[in-house]
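Here the structure is laid out as C-alpha cells; the discussion comes afterwards.
The values are calculated or read from the model by the stated rules, or taken from the named source; none is laboratory data. As the structure is a computational prediction, the values presented were derived from the model and not from experiment. When we count neighbours, we look across all protein chains shown, and the Cβ atoms used for this are built from the backbone with ideal geometry, even at glycine.
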Amino acid sequence: MPEVHSDPARAAAPNDHDLSPLAPFRRPVFRMLWSTWLMANICMWMSDVAAAWMMTSLNATPLWVALVQTASSLPVFLLGLPSGALADILDRKRYFLVTQIWVAVVACLLSLCIFLGLLSPVLLLLLIFANGIGLAMRWPVFSAIVPELVPRTQLPAALALNGVSMNASRIIGPLVAGTLIASAGSAWVFLLNAVLSLAAAVIISRWQRVHVPHPLGRERLLSAMRIGVQYVAQSYHLKGVLLRISIFFLTSTALVALLPLVARNLHGGGAGTFTLLLASMGLGAIISTLFLPQLRRRLARDALVLSGAAVQSAAMLVVALTPYTWIAVPAMLLAGAAWITTANTLSVSAQMGLPDWVRARGMSMYQMAIMGASAGGAALWGQVATVGSVQTSLLLAAVCGVSAMALVNRLLPGQGMVEDLTPSSQFKTPQAEVPPASGHVMVSIEYRIDPARAREFRNLMQESRRSRLSHGALSWELLHDINEPGRFVEMIEDASWTEHLRRFDRVTTADVALRDRKLAFHIGESPPAVTRCVMETTIKPTSAEGF
C-alpha cells in the first residue's frame, strides 16, 4: 500500500471542477514540483544531446549513434518495475530526492571523464546507462505523485502540463546544450546538468509532505512487484494501453535516434541544425497541448491515437525525403504535436485505469513499455540504417507505425470508460483471535445457485477471478460440487495473513458492485459461508513414524 499523505495545498484549492488547461497551476505544490520536473527534463535533454553529439565525434557509425538512445532507455525497461514497487512502498519525497542526487553524480563523472580525456564510445554508453538508472527511478515516483496533487477531474490537464514540461525542456535543453557545445565543449554541458540536478533536489527537499507508514507495514519488494504485474495482467484496459504505446514508440523512436545523422545530411547541416530540429519538435508539442482538451472531446481514445500515429508517420516521411532544413522544421513541428497527442492520450488512459495503491507500479510498466520500445526501436532502426540508409530506415518505420496501430485498433478496440476505482470501505476486515504468523491463507466462499443459471454464474466468476488476482491473491479456483449441481465454492489463496488483510484495503466501488452481482445469484437462506484456513507446514515422517 502507498503511504498515507497530507497535502494542504490541494485541500485548499478553490475549484476542483475547473477544467481549463492551466487549472493545476493554481495549486502551489503542483507548481513547485512541475518546476522541478521541468528542470529535471532540461537536464535529461541536455545530456541526450551532448551524448549523441559526442558519439558522432567518437564513432559516427549509425549503429553506435543509435545505441546512445538505447543506453539511455534500456535501464527504464530493466529497472522500471522494482522502481515502481519502491515508489509505492517508500516515502515518495525522499525517493524522488535520491533520484536527483544520483543523476547529479553521474553527470559529474561524465564531465570529469571528458576533461581528463578518458571518454571512449564504450565508456560513454556505460555512463549514459548509469544516467538512465536515475531516470528509471525517477519516472514512476513522479507519475504516482501527480494524482496526489490534483483532483481526478484535473488529471488530464496536469498530465498535459507535464508534457509541456517535457517539450519545453526539449527546446531549452538542446538550445543550451548546443550553445555550450559550440562555445565551450560537451564537458560543460554535463557539469551544468549536475548543478541543475542538485538545484532540483533542493526544491524537492522543501516539499512539506507528511509520510505516515501503513498500519500493516511495508510490502515486501518481490511481493509488491508480483502484485503489480498481476494487476496489469488482469486488466484488458491496461494491456491495450501498453500495446499501443509500445507500437508508437517502437516506430517513432527512429526519428529521434537517427536525428543527428538526419541533421548532418541536410544542406548545411551541423550541430545547430540538430538543435533546431529538436527544438521544433518540442515547440510543436507545446502548441498542440492547447488543443488537447478539444481533441479529447471530439475523438474517442483509439481514433485520437491512430490520428497521432498517422501524423507522426507523415512527418517522418517528409523528414526522410527532404534535403532542406526549411522543410524538415515544419515536419518536426508536426511530429512533436503527434508525439504529445498520442503520449498524453495514452498516459491519461493508463492513469484512469489505476487505483492509488498500485499507481507507481502500473505507471512504471507504462514507462517500461515506452523505454523498452524506444531502446529496441533505436537499435532496430539504427541497424536498418547501417545496412541500408537513414532514409530507408525512416520510411520503413513510418509505414510500420501507422499500419500496426490501425491493426491493433481493429483487433483490440478500447472498451470505453474504465470501472469505478474509487476506494470503498464496505468490505468488513476479517479478525482472528490469534493472527497466524506464517503460512498461506486459504479462503473458501460457498454459493448456492440455481443450476439453470450455472453458465451465467461461471462467466461472472471470471470477473471475480480477475478482481482477486488484481488485488494480490496467489491463486484462484472455482469448485463445482459433483453431487450438488447448485453448490459452487470460490477458493482464494493469499501469501500470508497480512497479505490477506491488504486485499481489503484495495477494495473499490467496482468491487462492491461485483460482489452485489455475485450475491444476486445466491439462493441460500443465509449469506454465502466464508471459511478462512491457514496452510500448516507439512512435517515429513521419520523412519520410526513410518507412513
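Would you tally the residues in the stretch 107-126 being more than 18 Å from Phe77 (Cβ to Cβ), among the aliphatic types (A, V, I, L, M) and in a helix (DSSP H, G or I)? Result for the stretch 107-126: 8.
Whether any residue in the stretch 415-432 is β-branched (Val, Ile, Thr), closer than 20 Å to Thr498 by Cβ and not in a loop (DSSP other than H, G, I, E, B) is what I want to check. Checked the stretch 415-432: no residue is β-branched (Val, Ile, Thr), closer than 20 Å to Thr498 by Cβ and not in a loop (DSSP other than H, G, I, E, B).
Per this entry, Ala71 is counted among residues that are touching a Phe, Trp or Tyr at 6+ places or on another chain (Cβ under 7 Å), assigned by TED's automatic domain parsing to the domain that holds Gln367 and of a type in the set (A, V, I, L, M, F, W, C).
Filtered by the rule that a residue be free of Cβ contacts under 8 Å to residues at least 60 places away in the same chain and either over 30 Å from Ala107 (Cα atoms) or surrounded by 13 or more Cβ atoms within 10 Å (Cβ to Cβ) (or both), the stretch 196-225 gives Pro215, Arg220, Leu222.
Of all residue pairs spaced 6 or more apart or on separate chains, those with beta-carbon atoms under 8 Å, a first member in the stretch 234-246 that is of a type in the set (Ser, Thr, Tyr) and a second member that is at pLDDT below 90 are Ser235/Gly353; Tyr236/Gln415; Ser246/Ala369; Ser246/Ile370; Ser246/Gly372; Ser246/Ala373. Which of the residues belonging to the stretch 76-122 are under 17 Å from Ala52 (Cβ atoms) and touching a helix residue (DSSP H, G or I) at 6+ places or on another chain (Cβ under 9 Å)? If the condition is that a residue be under 17 Å from Ala52 (Cβ atoms) and touching a helix residue (DSSP H, G or I) at 6+ places or on another chain (Cβ under 9 Å), then Val106, Ala107, Leu110, Ser111, Cys113, Ile114, Leu119, Ser120, Pro121 are the ones that fit.
Quick test of your reading of the structure: Ala314 fulfils all but one of (1) touching a residue at least 60 places away in the same chain (Cβ under 8 Å); (2) in contact with a Leu (Cβ under 9 Å, 6 or more places away or on another chain); (3) surrounded by 18 or more Cβ atoms within 10 Å (Cβ to Cβ). Name the failing condition by number. Among (1) touching a residue at least 60 places away in the same chain (Cβ under 8 Å); (2) in contact with a Leu (Cβ under 9 Å, 6 or more places away or on another chain); (3) surrounded by 18 or more Cβ atoms within 10 Å (Cβ to Cβ), Ala314 violates only (3). For the stretch 433-547, the helices (runs of 4 or more DSSP H) that sit wholly inside it and include 1 or more residues that are free of Cβ contacts under 8 Å to residues at least 24 places away in the same chain are 454-470, 509-519. The C-beta contact set for the stretch 153-176 (first residue within 11 Å of Pro21 (Cα to Cα), second residue of a type in the set (Asp, Glu) and not in a helix (DSSP H, G or I), distance under 8 angstrom, 6+ apart or interchain) comprises Gln154/Asp16; Gln154/Asp18.
When restricted to residues that are of a type in the set (Gly, Ala, Ser), buried (at least 20 other Cβ atoms within 10 Å of the Cβ) and within 13 Å of Ser186 (Cα to Cα), the stretch 98-119 contains 2. The residues listed here are Ala187, Ala224; of these, the one that is over 22 Å from the mean Cα position of the chain (by Cα), of a type in the set (A, V, I, L, M) and in a helix (DSSP H, G or I) is Ala187.
Taking the stretch 321-373 as the range and being closer than 16 Å to Arg301 by Cβ and assigned to a loop (DSSP other than H, G, I, E, B) as the test, the residues that pass are Gly353, Leu354.
When we screen Leu277, Leu243 for residues that are part of a helix (DSSP H, G or I) and either among the aromatic types (Phe, Trp, Tyr) or over 22 Å from Val329 (Cβ atoms) (or both), the only hit is Leu243.
Just one residue in the set Thr342, Thr325 is under 16 Å from the mean Cα position of the chain (by Cα), among the β-branched types (Val, Ile, Thr) and either more than 30 Å from Leu501 (Cα to Cα) or buried (at least 21 other Cβ atoms within 10 Å of the Cβ) (or both); that residue is Thr342. Screening the stretch 412-443 for residues that are small (Gly, Ala, Ser) and in contact with a Lys or Arg (Cβ under 8 Å, 6 or more places away or on another chain) and picking the one that is surrounded by the most Cβ atoms within 10 Å (Cβ to Cβ) gives Gly414. Have a look at Glu484, Glu446 and point out the one that is more than 26 Å from the chain's Cα centre (by Cα), over 30 Å from Met352 (Cβ atoms), exposed (fewer than 11 other Cβ atoms within 10 Å of the Cβ) and not β-branched (Val, Ile, Thr). The conditions single out Glu484. Only one of the listed residues (Leu67, Leu79) is part of a helix (DSSP H, G or I) and crowded, with 23+ Cβ neighbours inside 10 Å. That residue is Leu67. Taking the options Pro82, Pro8, Pro21, name whichever one is over 20 Å from Val202 (Cα atoms) and modelled with pLDDT of 85 or more. Exactly one residue qualifies, and that residue is Pro82. Among the conditions (1) under 23 Å from the mean Cα position of the chain (by Cα); (2) modelled with pLDDT of 80 or more; (3) not basic (Lys, Arg), the only one that Ala52 does not satisfy is (1). Is it fair to say Pro293 is surrounded by fewer than 22 Cβ atoms within 10 Å (Cβ to Cβ) and either among the acidic types (Asp, Glu) or within 30 Å of Gly414 (Cα to Cα) (or both)? Judged against the criteria, Pro293 is a match. One residue stands out among those in the stretch 449-460 that are aliphatic (A, V, I, L, M) and surrounded by fewer than 18 Cβ atoms within 10 Å (Cβ to Cβ): the one that is farthest from Leu519 (Cα to Cα), which is Ala452. Restricting attention to the stretch 32-52, does a residue exist that is among the hydroxyl-bearing types (Ser, Thr, Tyr), closer than 30 Å to Gln383 by Cβ, assigned by TED's automatic domain parsing to the domain that holds Leu222 and part of a helix (DSSP H, G or I)? Yes; the residues of the stretch 32-52 include at least one that is among the hydroxyl-bearing types (Ser, Thr, Tyr), closer than 30 Å to Gln383 by Cβ, assigned by TED's automatic domain parsing to the domain that holds Leu222 and part of a helix (DSSP H, G or I).
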